[in-house]
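J.: First the structure, which I've put down as structure tokens, then a few questions once you've had a look.
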Amino acid sequence: MARYIFITGGVVSSLGKGLMAASLAALLQARGFRVRIRKFDPYLNVDPGTMSPYQHGEVYVTDDGAETDLDLGHYERFTGVSAHQGDNITSGRVYRDIIAKERRGDYLGATVQVIPHVTDAIKDFAQSDTDDLDFVLCEIGGTVGDIEGLPFIEALRQLRNELGRDDTCFVHVTLVPYIAAAGELKTKPTQHSVREMTGLGIQPDILLCRCEKPLPDSERAKIALFCNVRKEAVIPALDASSIYAVPLQYHREGLDDEVLRHFGMSAPAPDLSRWDDILDRYEHPEGEVTIGVVGKYVGLPDAYKSLNEALVHGGMANRVKVNIRWIDAELFEKDDDEIAARLEPMHGILVPGGFGERGSEGKIASVRFAKERKVPFLGICLGMQMACIEGARAAGHSEASSTEFGPTDEPVVGIITEWMSKEGLQQRSAEGDLGGTMRLGAYDARLSGNSYVSSIYGGATTISERHRHRYEVNSAYKGALEKDGLVFSGMSPDGLLPEIVERPDHPWFIGVQFHPELKSKPFDPHPLFAGFIAAALQQARLV
Ligand code: GLN
């Protein structure tokens, strides 16, 4: 039977619970255990799919087409375990399902209540599909004491009571702030936060104390005394040099040992060579490249979390540091001179995924710059669509556009209302609500045998990548695009939907309709990012 590790946060938000969960899972995995990480989000949205990236960072899409919290990206990148729909639940989803059941009469006239109906649904979620696992790690979003989070905390309290202390472990992540005027680290907020937890009926087993200065032994002992845990279970979590250093650091501080001790388990020392290698590549690069990312949400790096990570992984694959310059596409619409001024120093140009018309002309101008100046270019999703609009305009279709931006006589990019998936014919209405009209999740693409992209994928003829978009490149423009040198080198298996475009007469110019960044891992960089950074390195040597 799986054992459960519940991860809660106290004192403040943004303590890096997601990274902590991912790192602990990686450490357990390095000892040979099978792990899965789940995220409980207390907000009332059914999923983050319709939330603005400004509010919530990127939406992470799984193979099975779930739009999930970006923490699931951390989980997948650190463990290699593919996340799925069943790994992220929100209050909104729980209430939606309960209300649907209530309307159907499934509760046979009973009064529907938070306890037991909501808490039971949360417990079922935590325990579903766990047969083949040693550990299930459940991260609870938000901070203990939040009103929205109470039913989740209550459900976990019940679960501990039902499963017993030997099969459940509560790890509470807190902050030990440094007060410069006093020159001291303060333990009081941690004490209060643990008191809040005990008031809700949960005694944490392990405290992970985030701090910006080393935690003195005396303070560790004090936290142990006041919070009712063993001193060894107070794990200092000093700010790390990078996220890739976190698993190794937590191991040195004894986190995984303490977790196993709690469960009364012994296991061989973890094999951490994978993490040593990642950190070495990250901290000792042998060169650097600068990549310009021309997008919309450039003020908030979390909006492009996976993209940022995948570029770093591409750097690791080539042992170079990747400097990312986030450039607001709208800058290029106001002032033509900006384009050369901003893009000339770049060794690679990337136009990422996005929604809406704002900034699109600036993105198209960036594509043109990359094409004409022969700078390595990667277009992702909207980025590929912009590359096709640019190509069509260059081939004489001066009005080429996307129907996403309004009615157009030249719909090089348009909405498709029917397509085939593994499950059969999929249909959607052009007028459907925003939450449910996208091509989401993993789809296969067939690669042309002699294409550049097929060599990047190691000679593969079929690949599977994750999608999240409503519009598609219109294959009726194939001939026009070829006139400008842009060819379709990957298509959906039914041959209808362009999945990849490339320019054979360019050193490295690729557009993909999917999101390769979602599948890149530090120990397994995505070939498109490894290839893009290798081409940028080549470019850096030229200029
Ligand atoms: N807005 C475009 C579409 O819906 C692209 C989406 C994306 O880049 N993820 O097709």
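The values are calculated or read from the model by the stated rules, or taken from the named source; none is laboratory data. Because the structure is predicted, anything quoted here is derived from the model rather than measured. A quick note on method: Cβ atoms are made from the backbone with ideal geometry, for glycine too, and the neighbour counts reach across all protein chains shown.
J.: For segment 337-346: of the residues being assigned to a helix (DSSP H, G or I) and among the charged types (D, E, K, R), which is surrounded by the most Cβ atoms within 10 Å (Cβ to Cβ)? Step through it out loud before you land on a result.
T.: At the first step, the residues of segment 337-346 found to be assigned to a helix (DSSP H, G or I) are 337-343.
Cutting the leftovers down to among the charged types (D, E, K, R) gives us 337-338, 342.
Working: 337: 8, 338: 17, 342: 20.
By that ranking, first place goes to 342.
J.: Looking at segment 527-535, can you tell me whether even one residue there is farther than 30 Å from residue 26 by Cα and of a type outside the set (Lys, Arg)? Explain how you work it out, then say what you get.
T.: At the first step, the residues of segment 527-535 found to be farther than 30 Å from residue 26 by Cα are 535.
Going one step further and asking which of them are of a type outside the set (Lys, Arg), we end up with 535.
Scanning segment 527-535 turns up at least one residue that is farther than 30 Å from residue 26 by Cα and of a type outside the set (Lys, Arg).
J.: When residue 540 is evaluated against the numbered criteria (1) in contact with a His (Cβ under 8 Å, 6 or more places away or on another chain); (2) within 20 Å of residue 451 (Cβ to Cβ); (3) small (Gly, Ala, Ser), which criterion, by number, is the only one it fails?
T.: (2)
J.: For segment 137-166, give me the residue count where each residue is buried (at least 16 other Cβ atoms within 10 Å of the Cβ) and in contact with a helix residue (DSSP H, G or I) (Cβ under 7 Å, 6 or more places away or on another chain).
T.: Going through segment 137-166 one residue at a time, the tally reaches 12.
Results for (1) touching a strand residue (DSSP E or B) at 6+ places or on another chain (Cβ under 9 Å); (2) under 20 Å from residue 404 (Cβ atoms); (3) in contact (Cβ under 8 Å) with a residue 24 or more places away in the chain; (4) surrounded by 19 or more Cβ atoms within 10 Å (Cβ to Cβ), shown as yes or no for each residue.
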position: 461; (1), (2), (3), (4): yes, no, no, no
position: 469; (1), (2), (3), (4): yes, yes, yes, yes
position: 499; (1), (2), (3), (4): yes, yes, yes, yes
position: 502; (1), (2), (3), (4): yes, no, yes, yes
position: 516; (1), (2), (3), (4): yes, no, yes, yes
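J.: From (1) modelled with pLDDT of 85 or more; (2) surrounded by fewer than 24 Cβ atoms within 10 Å (Cβ to Cβ); (3) within 15 Å of the ligand (Cβ to nearest atom), pick out the condition that doesn't hold for residue 435.
T.: Among (1) modelled with pLDDT of 85 or more; (2) surrounded by fewer than 24 Cβ atoms within 10 Å (Cβ to Cβ); (3) within 15 Å of the ligand (Cβ to nearest atom), the lone unmet condition for residue 435 is (1).
J.: Select from segment 327-336 the residues that are in contact with a Gly (Cβ under 9 Å, 6 or more places away or on another chain) and surrounded by fewer than 20 Cβ atoms within 10 Å (Cβ to Cβ) and write down the one among them that is nearest to residue 368 (Cα to Cα).
T.: Of all residues in segment 327-336, those in contact with a Gly (Cβ under 9 Å, 6 or more places away or on another chain) come to 327-334.
Next, from what is left, pick out any that are surrounded by fewer than 20 Cβ atoms within 10 Å (Cβ to Cβ): 328, 330-331, 333-334.
Values: 328: 16, 330: 15, 331: 15, 333: 13, 334: 16 Å.
Among them, the one singled out is 333.
J.: Still on this model: Determine the pairs where a residue that is within 17 Å of residue 464 (Cβ to Cβ) and touching a residue at least 60 places away in the same chain (Cβ under 8 Å), located within segment 64-90, has a partner that is hydroxyl-bearing (Ser, Thr, Tyr) and buried (at least 20 other Cβ atoms within 10 Å of the Cβ) with Cβ atoms under 9 Å apart, the partner being 6 or more residues away or on another chain.
T.: 66/60; 76/60; 76/62
J.: Follow-up. Being buried (at least 24 other Cβ atoms within 10 Å of the Cβ), at pLDDT 95 or above and within 16 Å of the ligand (Cβ to nearest atom) is the requirement here; does residue 311 meet it?
T.: Numbers: buried (at least 24 other Cβ atoms within 10 Å of the Cβ): yes; at pLDDT 95 or above: yes; within 16 Å of the ligand (Cβ to nearest atom): no.
It is false that residue 311 is buried (at least 24 other Cβ atoms within 10 Å of the Cβ), at pLDDT 95 or above and within 16 Å of the ligand (Cβ to nearest atom).
J.: On to the next question. Confirm whether residue 241 is in contact with a helix residue (DSSP H, G or I) (Cβ under 9 Å, 6 or more places away or on another chain), farther than 19 Å from residue 192 by Cα, small (Gly, Ala, Ser) and free of Cβ contacts under 8 Å to residues at least 24 places away in the same chain.
T.: Working: in contact with a helix residue (DSSP H, G or I) (Cβ under 9 Å, 6 or more places away or on another chain): yes; farther than 19 Å from residue 192 by Cα: yes; small (Gly, Ala, Ser): yes; free of Cβ contacts under 8 Å to residues at least 24 places away in the same chain: no.
Criteria not met by residue 241.
J.: Oh, and also: On the given criteria, is residue 110 among the aliphatic types (A, V, I, L, M), over 17 Å from residue 7 (Cα atoms) and without any contact (Cβ under 8 Å) to a residue 24 or more places away in the chain? If you could, list the steps in order and put the result at the bottom.
T.: Values: among the aliphatic types (A, V, I, L, M): yes; over 17 Å from residue 7 (Cα atoms): yes; without any contact (Cβ under 8 Å) to a residue 24 or more places away in the chain: yes.
Answer is yes for this residue.
J.: Taking the conditions exactly as written (at pLDDT below 95, surrounded by 14 or more Cβ atoms within 10 Å (Cβ to Cβ), among the hydroxyl-bearing types (Ser, Thr, Tyr) and over 24 Å from residue 189 (Cβ atoms)), does residue 119 satisfy them or not? Full working, then the answer.
T.: Working: at pLDDT below 95: no; surrounded by 14 or more Cβ atoms within 10 Å (Cβ to Cβ): yes; among the hydroxyl-bearing types (Ser, Thr, Tyr): yes; over 24 Å from residue 189 (Cβ atoms): yes.
So residue 119 does not fit the description; no.
J.: Within segment 80-107, can you find the residues that are more than 21 Å from residue 4 (Cα to Cα) and assigned to a loop (DSSP other than H, G, I, E, B)?
T.: Listed by number, the residues that qualify are 105, 106, 107.
J.: Filter segment 456-478 down to the residues that are more than 16 Å from the ligand (Cβ to nearest atom), modelled with pLDDT of 95 or more and not in a loop (DSSP other than H, G, I, E, B) and list them by number.
T.: Those that are more than 16 Å from the ligand (Cβ to nearest atom), modelled with pLDDT of 95 or more and not in a loop (DSSP other than H, G, I, E, B): 456, 462, 463, 464.
J.: Here's another thing I want to ask about it. I'd like the full set of residues that are aliphatic (A, V, I, L, M) and over 11 Å from the mean Cα position of the chain (by Cα), limited to segment 56-92.
T.: Of everything in segment 56-92, those that are aliphatic (A, V, I, L, M) and over 11 Å from the mean Cα position of the chain (by Cα) turn out to be 66, 81, 89.
J.: For segment 528-543, which positions are closer than 30 Å to residue 475 by Cβ and either within 18 Å of the chain's Cα centre (by Cα) or in a loop (DSSP other than H, G, I, E, B) (or both)?
T.: Across segment 528-543, the qualifying residues are 528, 529.
J.: Tell me the residue from 36, 77, 31 that is assigned to a loop (DSSP other than H, G, I, E, B), of a type outside the set (Phe, Trp, Tyr), at pLDDT 95 or above and within 26 Å of residue 240 (Cα to Cα), please. It would help to see each step written out before you state the result.
T.: Values: 36 fails: assigned to a loop (DSSP other than H, G, I, E, B); 77 fails: assigned to a loop (DSSP other than H, G, I, E, B).
So the residue among 36, 77, 31 that is assigned to a loop (DSSP other than H, G, I, E, B), of a type outside the set (Phe, Trp, Tyr), at pLDDT 95 or above and within 26 Å of residue 240 (Cα to Cα) is 31.
J.: Somewhere in segment 328-342, is a residue among the aromatic types (Phe, Trp, Tyr), touching a residue at least 24 places away in the same chain (Cβ under 8 Å) and away from the ligand (no atom under 16 Å from the Cβ)? Don't jump to the end; show me each part of the working.
T.: Going through segment 328-342, the residues among the aromatic types (Phe, Trp, Tyr) turn out to be 332.
Narrowing further to those that are touching a residue at least 24 places away in the same chain (Cβ under 8 Å): 332.
Within this subset, residues satisfying the condition of being away from the ligand (no atom under 16 Å from the Cβ) are 332.
Checked against the condition, which is being among the aromatic types (Phe, Trp, Tyr), touching a residue at least 24 places away in the same chain (Cβ under 8 Å) and away from the ligand (no atom under 16 Å from the Cβ), segment 328-342 yields at least one hit.
J.: State which residue is surrounded by the most Cβ atoms within 10 Å (Cβ to Cβ) when the search covers only segment 347-383 and only residues that are near the ligand (Cβ under 10 Å from one of its atoms) and outside any loop (DSSP other than H, G, I, E, B).
T.: Step one: of segment 347-383, the residues near the ligand (Cβ under 10 Å from one of its atoms) are 351-357, 360, 379-383.
So of that shortlist, the ones also outside any loop (DSSP other than H, G, I, E, B) come out as 351, 360, 379-380, 382-383.
Values: 351: 31, 360: 23, 379: 28, 380: 26, 382: 26, 383: 26.
Of everything passing the filter in segment 347-383, 351 is surrounded by the most Cβ atoms within 10 Å (Cβ to Cβ).
J.: Among (1) buried (at least 20 other Cβ atoms within 10 Å of the Cβ); (2) of a type outside the set (Asp, Glu); (3) at pLDDT 95 or above, there is one condition residue 66 misses while meeting the rest; what is its number?
T.: Condition not satisfied by residue 66: (3).
J.: With segment 113-229 as the region, which strands (runs of 3 or more DSSP E) entirely inside it contain at least 2 residues that are more than 26 Å from residue 70 (Cα to Cα)? Write out each step before concluding.
T.: Working: elements: 135-140, 168-175, 206-211.
In segment 113-229, there are no strands (runs of 3 or more DSSP E) which contain 2 or more residues that are more than 26 Å from residue 70 (Cα to Cα).
J.: Answer yes or no as to whether residue 182 is surrounded by fewer than 16 Cβ atoms within 10 Å (Cβ to Cβ) and either in contact (Cβ under 8 Å) with a residue 60 or more places away in the chain or closer than 30 Å to residue 222 by Cβ (or both). Lay out the reasoning, then the answer.
T.: Values: surrounded by fewer than 16 Cβ atoms within 10 Å (Cβ to Cβ): yes; either in contact (Cβ under 8 Å) with a residue 60 or more places away in the chain or closer than 30 Å to residue 222 by Cβ (or both): yes.
Yes; evaluated as a whole, the condition is true for this residue.
J.: Scan segment 247-254 and tell me whether some residue there is among the hydrophobic types (A, V, I, L, M, F, W, C) and within 31 Å of the chain's Cα centre (by Cα). Reasoning before the result, please.
T.: Step one: list which residues in segment 247-254 are among the hydrophobic types (A, V, I, L, M, F, W, C), which gives 248.
Keeping just the survivors that are within 31 Å of the chain's Cα centre (by Cα) gives 248.
Taking every residue of segment 247-254 in turn, at least one turns out to be among the hydrophobic types (A, V, I, L, M, F, W, C) and within 31 Å of the chain's Cα centre (by Cα).
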